[in-house]
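Participant: Okay, here's the structure, questions in a sec.
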Amino acid sequence: MKAPEHDWERRADAVLGVAASAILMLMMCLTFVDVVARYVFNRPIRGGFEITELLLLVLIFAGLPLVSHADEHVTMDFIDRLLRGRARVWLNRSVHLLVAALMFFMAWQVTIKAGRISEYGDATDVLRIVYGPFVYFSAAMIALAGLIHLYKVSQQR
């Protein structure tokens, strides 16, 4: 993993990393308390499963920009070994540009879906937590990952 070059990159990584860690810790604590309450007191946390599902969604999409920034996506580098110098830089820029375009397309589609979900007022069954803000958050994180890949196009050397 390449260390961030700019101070703002380190701060953004730290904020997203701390947020993801806090969400993961909250999920672990909720699961622990729910299991103890369920098996020891026969009183599970009402809506615990729904909360865990929503936190998992937030965790996954909050981690997407981190993975994009650190270049930790799953890759197949069998072509990279055959290329040298400018050809390798061109390939990396092309890949980042393609991934950015795909991320922006996905963000657009997820935003459309979020609008529909918000219009319908879809919510969880037990706690009635509305899904719309979570889907908009997902779209925003996908768009942020797209911006990161767009930024990486200019950073390839």
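Read the figures in this text as sums done on the coordinates, not as results from a lab. It should be emphasised that the depicted structure is a prediction, and the values quoted were computed from it without experimental measurement. When we count neighbours, we look across all protein chains shown, and the Cβ atoms used for this are built from the backbone with ideal geometry, even at glycine.
Participant: Need one number: the % of Cα-Cα pairs in the chain sitting beyond the 23 Å mark. Walk me through the numbers on the way to the answer.
Facilitator: Details: 6311 of 12246 pairs.
Percent of Cα pairs beyond 23 Å in the chain: 52.
Participant: Quick one: which residues, 5 or more positions from ALA123 or on another chain, have an amide H under 5 Å from its amide H? H modelled 1.01 Å from N in the peptide plane, none for Pro or chain starts.
Facilitator: TYR131
Participant: Ranked highest first by the average count of other Cβ atoms within 10 Å around their residues, in what order do 53-59, 23-29 fall?
Facilitator: Ranking the peptides 53-59, 23-29 by packing returns 53-59, 23-29.
Participant: Same structure again: Compute the projected area of the convex hull of the Cα atoms of the stretch 85-157, averaged over all viewing directions, and report it in nm² to one decimal place.
Facilitator: Directional mean of the projected Cα hull area for the stretch 85-157 stands at 5.2 nm².
Participant: Residue by residue through the stretch 55-69, what is 3J(HN,Hα) from phi via Karplus (6.51 cos²θ - 1.76 cosθ + 1.60, θ = phi - 60°)? Round to whole Hz and write x for glycine and proline.
Facilitator: Result, ordered by residue: 5, 5, 4, 4, 4, 4, 6, 6, x, 4, x, 5, 5, 5, 5 Hz.
Participant: What does the charge count around ALA100 come to, taking other residues whose C-beta lies under 14 Å from its C-beta (Lys +1, Arg +1, Asp -1, Glu -1)?
Facilitator: Neighbourhood net charge equals +1.
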